[in-house]
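Okay, so here's the structure we're looking at.
The values are calculated or read from the model by the stated rules, or taken from the named source; none is laboratory data. This structure is a prediction, so every number in the text was calculated from the model and none was measured. Because the Cβ atoms are built from the backbone with ideal geometry, glycine has one as well, and the counts that use them run over all protein chains shown.
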Amino acid sequence: MTHTMRLFPSPFELIKSGRKTIELRLYDEKRRKIKIGDVITFIKIDGPNEVLTAEVVDLFVFDSFDELYRRLPLLKCGYTEENIASASPRDMDTYYTKEQQEKYGVVGIEIRLL
């Protein structure tokens, strides 16, 4: 199955470069359909003609971003050596409300570019 996800420029470029191999999302109805072996087409938000295609190689489901941030390697989740010291689960509050996080849980989607 193929899924589509939109990305801001920075995470898009990190995936493109191979430095980001785990995409963080809510584990909502849309993401619960994702299975290992599925394909994700990432579309760059400010450049609809720019896409990346990746295969799902693993799924890491957690109750919260707090737990996810404790358990997954953040350098694979979009942080760099320059900003890893300030990495915080609160960073995800920009994208998802606390209510959404509590309702659905969260997922780290490990990918491999095709």
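Mind checking which residues of the range 39-54 are closer than 15 Å to THR21 by Cα and assigned to a loop (DSSP other than H, G, I, E, B)? Don't jump to the end; show me each part of the working.
Pass one, the range 39-54, residues closer than 15 Å to THR21 by Cα: 39-42, 52-54.
Across the range 39-54, there are no qualifying residues.
Among all residue pairs at least 6 apart or on different chains, which show Cβ distances below 6 Å where the first residue, located in the range 19-38, is crowded, with 19+ Cβ neighbours inside 10 Å and the second is among the polar types (S, T, N, Q)?
Listed by first residue and then by second, the contacts come to LEU26/GLN100.
Cβ contacts < 7 Å: first residue farther than 12 Å from GLY78 by Cα, restricted to the range 1-16; second residue polar (S, T, N, Q) and at pLDDT 95 or above, any location; separation 6+ or different chain. Result?
THR2/THR41; THR4/THR41
For the range 63-92, how many residues meet the condition of being within 14 Å of the chain's Cα centre (by Cα), assigned to a helix (DSSP H, G or I) and either among the aromatic types (Phe, Trp, Tyr) or more than 20 Å from ILE40 (Cβ to Cβ) (or both)?
The first filter runs over the range 63-92 and keeps only residues within 14 Å of the chain's Cα centre (by Cα), leaving 64-65, 68-69, 72-79, 89, 91-92.
Applying the additional criterion that residues be assigned to a helix (DSSP H, G or I) yields 65, 68-69, 74-76, 89, 91-92.
If we keep only those that are either among the aromatic types (Phe, Trp, Tyr) or more than 20 Å from ILE40 (Cβ to Cβ) (or both) too, we end up with 65, 69, 74-75, 89, 91.
The total comes to 6.
Filter the range 39-59 down to the residues that are over 16 Å from LEU114 (Cα atoms) and of a type in the set (A, V, I, L, M), then identify the one that is surrounded by the fewest Cβ atoms within 10 Å (Cβ to Cβ).
Here the residue is ILE45.
Looking at this structure, is LYS20 on the phi < 0 side of the Ramachandran plot, at pLDDT 95 or above and not in a helix (DSSP H, G or I)?
Details: on the phi < 0 side of the Ramachandran plot: yes; at pLDDT 95 or above: yes; not in a helix (DSSP H, G or I): yes.
Yes; evaluated as a whole, the condition is true for this residue.
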